[in-house]
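The values are calculated or read from the model by the stated rules, or taken from the named source; none is laboratory data. These numbers were taken from a predicted model, which means no experiment stands behind them. Neighbour counts are summed over all protein chains in view; Cβ atoms, including those assigned to glycine, are modelled from backbone coordinates with ideal geometry.
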Amino acid sequence: MPRRSYRFREYILKPDQAADAEPTRFVMQCVACEFFGPKGEDAEDGTEWATEHLKQRPDHLVYREHITRTYRFEAGEWQ
Ligand SMILES: [Zn+2]
C-alpha cells in the first residue's frame, strides 16, 4: 500500500496591502467616560477629538486608541 505524502505551504500573515483591502481605521475612546470619537482613516482625527473632549471635561486625561487593520495570508514556499 503506497504511503500518502502531504505537502504543506508556508503562509505569511501581513497587513493587507491589496488594492481592494479595507482601509485601516482609527477611533479614540475616553477611558473615563468611555465615549468614542469619530471613526476614520486618519489617526489625527481622534487626537483632535480627544483635545476637544478634554476642553469639555478637563478631568478626562486618559484615552484609548482602537485600530482596525486587515491582515491577509500570503502564500509562500511549498514544504
Ligand atoms: Zn470622557
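Structure summary
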| item | result |
| --- | --- |
| Enumeration of residues in the range 13-44 that are in a loop (DSSP other than H, G, I, E, B) and either within 15 Å of the ligand (Cβ to nearest atom) or farther than 17 Å from residue 69 by Cβ (or both) | 31, 32, 33, 34, 35, 37, 38 |
| Test for residue 10: is it surrounded by 10 or more Cβ atoms within 10 Å (Cβ to Cβ), within 15 Å of the chain's Cα centre (by Cα) and acidic (Asp, Glu) | no |
| Filter result for residue 3 (free of Cβ contacts under 8 Å to residues at least 12 places away in the same chain and either surrounded by 13 or more Cβ atoms within 10 Å (Cβ to Cβ) or under 30 Å from residue 77 (Cβ atoms) (or both)) | yes |
| Boolean, residue 65 is assigned to a strand (DSSP E or B) and at pLDDT 95 or above | yes |
| Some residue of the range 15-22 being loosely packed, with under 10 Cβ neighbours inside 10 Å and either under 14 Å from the mean Cα position of the chain (by Cα) or under 30 Å from residue 57 (Cα atoms) (or both) | yes |
